[in-house]
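J.: Please see the structure below; I have some questions.
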Amino acid sequence: MRIKFFGTAAGVPSVGRECTSVMLEVNGDIYLIDTGASVTHKMCDADISVDKIKAVFFTHYHLDHMYGLSDILRVVNKRKECSLPTDYYFTEKGVIDAWKKYFTEAVGKINESLNVFHLYESGVIFNDENIKVTAIPNAHLKKYNRPSYSFIVETDGKRLVFSGDLSQELSKDDFPRIAKEQMLDLFVLEYAHFDIEDMLPHLEESKTKHLVFNHISRPQEKLPLIEALSKSGRFSFSVNAAYDGYEVEL
């Protein structure tokens, strides 16, 4: 499995960083978690065909996680009818309806035999010959009474967790419990909504082989802190900051 980070910024882009998007490549198939970055542009630069996108999983509805969706829809819309479809997994029906309306007004009718929209809740939301994806609710949007999720991805004996966006200051112990209960091969943790003091107690309890920070706000301030953590020897796992184009092989 190859994990490639197309976008690693938080709510707005920063120098050298676009908004959040992560690619998983397994046996030649492509899966995306969020599409905040200019995904089609990033994929072209990396010589990866957009036609290989099998599924897209959105952690929540915020635009910094969805900016690139319109470009993907436009490219997939032009596929031949005999092509395999791309599946999109959304947290809210209203968001699906809004994207359909926008695309129809701005571009044209969505070919729904090629672009297949799904609504998901917590639990296993996807399971094919390559990966299983399980959605875990988090508290990022709790005060608005809207859904937001972290993802567990399992493939070929490997287990990964993508935190998605969590709550401010990790309130109400909003940290993926599985990261403390089961050994992970990779833990991708956002670093936009809390400070280092908020997360350190949770990291002390985490079980993972590799920790990668993503969705990084105020990078000038936070990247040196991540580097210091990496060099501290405080944890049994490696600690790294993702950047646009960063890759992990598992």
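The values are calculated or read from the model by the stated rules, or taken from the named source; none is laboratory data. What you are looking at is a predicted structure, and each value in this text was computed from that prediction instead of being measured. Note that we place each Cβ from the backbone using ideal geometry, even for glycine, and neighbour counts take in every protein chain shown.
J.: Specify which of the listed residues (Val12, Val107) is of a type in the set (A, V, I, L, M), under 16 Å from His215 (Cα atoms) and out of contact with any His (no Cβ under 9 Å at 6 or more places or on another chain).
T.: Only one candidate passes the filter, namely Val12.
J.: Further question on the same structure: Quick one: what pairs do we get from the range 196-208, first residue among the acidic types (Asp, Glu), second part of a helix (DSSP H, G or I) and modelled with pLDDT of 95 or more, C-beta under 7 Å, 6+ apart or different chains?
T.: Glu205/Lys180
J.: Another question, then. Regarding Leu114, is this residue on the phi > 0 side of the Ramachandran plot, touching a helix residue (DSSP H, G or I) at 6+ places or on another chain (Cβ under 7 Å) and crowded, with 17+ Cβ neighbours inside 10 Å?
T.: no
J.: Here are the criteria: (1) at pLDDT 95 or above; (2) buried (at least 17 other Cβ atoms within 10 Å of the Cβ). Tell me which single one His193 does not satisfy.
T.: Here His193 meets the rest and fails (1).
J.: Additional query: Please count how many residues of the range 197-234 are touching a strand residue (DSSP E or B) at 6+ places or on another chain (Cβ under 6 Å) and on the phi < 0 side of the Ramachandran plot.
T.: 13
J.: Another question, then. Would you point out which residue out of Ala135, Ala98, Ala179 is surrounded by fewer than 20 Cβ atoms within 10 Å (Cβ to Cβ) and among the aliphatic types (A, V, I, L, M)?
T.: Residue meeting the stated conditions: Ala98.
J.: Mind counting the residues in the range 38-64 that are in contact with a Lys or Arg (Cβ under 9 Å, 6 or more places away or on another chain) and among the hydrophobic types (A, V, I, L, M, F, W, C)?
T.: 3
J.: Of the residues Ser232, Ser236, Ser217, which is closer than 21 Å to Arg17 by Cβ, among the small types (Gly, Ala, Ser) and out of contact with any helix residue (DSSP H, G or I) (no Cβ under 8 Å at 6 or more places or on another chain)?
T.: Exactly one residue qualifies, and that residue is Ser217.
J.: Could you tell me whether the range 157-164 includes any residue that is assigned to a strand (DSSP E or B), surrounded by fewer than 18 Cβ atoms within 10 Å (Cβ to Cβ) and not small (Gly, Ala, Ser)?
T.: yes
J.: State all residues of the range 191-233 that are assigned to a loop (DSSP other than H, G, I, E, B), among the charged types (D, E, K, R) and closer than 17 Å to His140 by Cα; if no residue qualifies, say none.
T.: Asp195 - this is the single residue of the range 191-233 that is assigned to a loop (DSSP other than H, G, I, E, B), among the charged types (D, E, K, R) and closer than 17 Å to His140 by Cα.
J.: Looking at Arg74, Arg79, which is the one that is modelled with pLDDT under 95, more than 25 Å from Phe162 (Cα to Cα) and assigned to a loop (DSSP other than H, G, I, E, B)?
T.: Answer to the check: Arg79.
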